[in-house]
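Only one structure is covered here, and it is reproduced in the block below.
The values are calculated or read from the model by the stated rules, or taken from the named source; none is laboratory data. Since the model is a prediction, treat every value here as computed from it, not as a measurement. To get the accessible areas, we keep the full protein, side chains included, count just its heavy atoms, and leave off ligands, DNA and RNA. Shrake-Rupley method; radii C 1.70, N 1.55, O 1.52, S 1.80 Å.
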Amino acid sequence: MSFFWGSWITILSLGCWLFIFGVLVWTLKSKPALEEDGTTGHEYDGIREYDKPLPKWWLVIFFGTLIWGLGYFVLFPAIMPNAWKGVTTVEVDGQPVYWTSANELNSQLQANNKVFIENFEQNILANAGASEATAILAKLNDLQAQQKPGEENADLQKQINDQITLLAPYVEKLAADPEAQKIGNRLFLQNCALCHGSNAEGAAGYPNLTDNDWLHGGNTDQILLTIHNGRNLAETAGMPNQQKVIGEAGVKAVAEYVLSISGNQNGYELDAAKVTQGKAIFETTCAVCHGPDAKGQIAVGSPNLTDDTWLFGGDRDTIQTSIRYGRRGVMPEWHSKLGNERVMLLAAYVRSLSQDQAQ
């Protein structure tokens, strides 16, 4: 908080307190001249005004609130917040820190998270027969504690990813546990449904999680890594803008070829010449990511172009738009927001939704 706003809050708070206190004291000391009958001499509509003392219960409450206000100034950073932190503390990361609204929120979140983790380890994992995962989670937490914000450490990240993949067998057990699935469903509705829909069937640009079509792989370890680390194609390859590379005619030709190999679900009358031209361009430009058979590659997150599943749409105009301008999908990472335990439950729930779970 700046010096100006700190001073403004201090002057306003103390000024209001002093004003109210002064008015109350002045009222108690002020004694008007009284008539012989004890009235002030003021009469209205036959009613004469007396000067009686304020009720004691009212004075007790009034002075009590003033004392409480002074106590608040001492306990909390109400006077020059940058200089006076108050004497109240809360516990954050196991250490006492001065009270702020942000510190109180973090303290409560950590306390609630501690209760959740204890329940997760003692009940959820135990009931699913996956208690061995606690040792992996402990090591994973230790490795993550070594990560420094904004600093990339490839070796450390590999160790973290290795521990994440070791959790896959236990996520499979959670996927078969009804109670774990209930919790996973709630987590999904609270955090994932905004993009993927409450039924997890996705929308344009957001993948359907109930089928067996996966850009980055649908195995349990791959789902874990996707939820844990996220997928940010804007920072990696993504689908690049191809108009500058192959021209507008090339865009339309490649789109025509893609329609021909995907089954042409919309029943367009295809231009054979463009299909031939598009195939030649595809083999020299697009196959490096989508593969020579156009079935995509999990390693780079490129989609299979020979099926009837489309992330952004399979009509001619949408395919041309994807080729012309490219696509940059972003899946946020969730481990820093939810923690490793909740990520396991989410992965288990998503795994259970996929058609691949039954295969």
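Straight-distance candidates among the aspartates and glutamates for linking to LYS274, with alpha-carbon spacing under 13 Å and chain neighbours fewer than 8 residues away dropped: GLU248, GLU256.
Are there any helices in the chain, counted as whole DSSP H runs, that stretch 30 Å or more along their axis by Cα and score at least 0.0 on average by Kyte-Doolittle, and if so which?
Working: long enough: 3-29 (38 Å, 1.59).
In the chain, the long hydrophobic H runs are 3-29.
For ARG231, nonlocal amide neighbours, meaning residues 5 or more places apart or on other chains whose placed amide H falls under 5 Å from its own, are MET331.
Ligands, DNA and RNA left out, the accessible area of the chain computed with a 1.4 Å probe is 57% carbon and sulfur.
Summed over the residues of the chain and divided among them, the accessible surface reaches 60 Å² per residue at a probe radius of 1.4 Å. Taking every DSSP helix (H) stretch of at least 4 residues in the chain, weighting each as -39,500 (n - 2.57) and dividing the sum by the residue count yields a mean residue ellipticity at 222 nm of -16500 deg cm²/dmol.
Taking 28 Å as the straight-line reach from the Cα of LYS337, the lysines in range (excluding those fewer than 8 positions away in the same chain) are LYS114, LYS139, LYS148, LYS158, LYS173, LYS182. Calculated from the structure at hand, semi-axes √(5λ) of the Cα gyration tensor in Å is found among [x] 31, 24, 21; [y] 35, 24, 20; [z] 66, 29, 21 as [z]. Counting every pair of alpha carbons in region 145-184, the share spaced more than 11 Å apart comes to 69 percent. Spread over its residues, the convex hull of the C-alpha atoms of region 132-229 is 131 Å³ per residue.
Taking the Kirkwood radius as the inverse of the mean 1/r across Cα pairs, report the Rg/Rh of region 215-359. Before the final figure, lay out the partial values.
Values: Rg = 17.2 Å, Rh = 16.5 Å.
We get a ratio of 1.04 for region 215-359.
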